[in-house]
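To start, the structure itself, in structure tokens.
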Amino acid sequence: MAAVSAFRSDEARAAYVRLYDAALAASTIPVTASDIETSFGRTHVLTAGDPSKPALVALHGLEISSTMWVPLLPILVANYRVTMV
């Protein structure tokens, strides 16, 4: 069975990936990307900030990626280890 995709074409997916990568590259805060296995399948997460600080989980809005939090990272990581789902 073929995997279900949110993209209508390979070109649309490539354009999204370019914009996603550009958003991460624009971050002034180091961001780590990883995939974690959950009971619902694989989930992509971004993390930033000092691991010794309290955890903050940032959930993106509908149809927006976790990169929506990148502009706020300088403020957020001052007090938290941020995980963006």
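Out of curiosity, is Ala23 touching a Ser or Thr at 6+ places or on another chain (Cβ under 7 Å) and under 18 Å from Val70 (Cα atoms)? For Ala23, the condition - touching a Ser or Thr at 6+ places or on another chain (Cβ under 7 Å) and under 18 Å from Val70 (Cα atoms) - is met. If you go through region 46-73 and keep only what is at positive phi and loosely packed, with under 10 Cβ neighbours inside 10 Å, you end up with just Glu63. The residues on offer are Thr43, Thr32, Thr38, and the sole one that is within 12 Å of the chain's Cα centre (by Cα) and either without any contact (Cβ under 8 Å) to a residue 40 or more places away in the chain or exposed (fewer than 10 other Cβ atoms within 10 Å of the Cβ) (or both) is Thr32.
Taking region 1-16 as the range and being within 26 Å of Leu73 (Cβ to Cβ) and open to solvent by 50 Å² or more (accessible area, probe 1.4 Å) as the test, the residues that pass are Ala6, Arg13, Tyr16. Scan region 34-41 and tell me whether some residue there is modelled with pLDDT under 95 and among the hydrophobic types (A, V, I, L, M, F, W, C). Within region 34-41, one or more residues are modelled with pLDDT under 95 and among the hydrophobic types (A, V, I, L, M, F, W, C).
The values are calculated or read from the model by the stated rules, or taken from the named source; none is laboratory data. Predicted, not measured: the structure shown is a model, and the values here were computed from it. Quick reminder, even Gly has a Cβ in these numbers, built from the backbone with ideal geometry, and neighbours come from all protein chains shown. These accessible areas exclude ligands, DNA and RNA; they are computed on the full protein's heavy atoms, side chains included. Shrake-Rupley method; radii C 1.70, N 1.55, O 1.52, S 1.80 Å.
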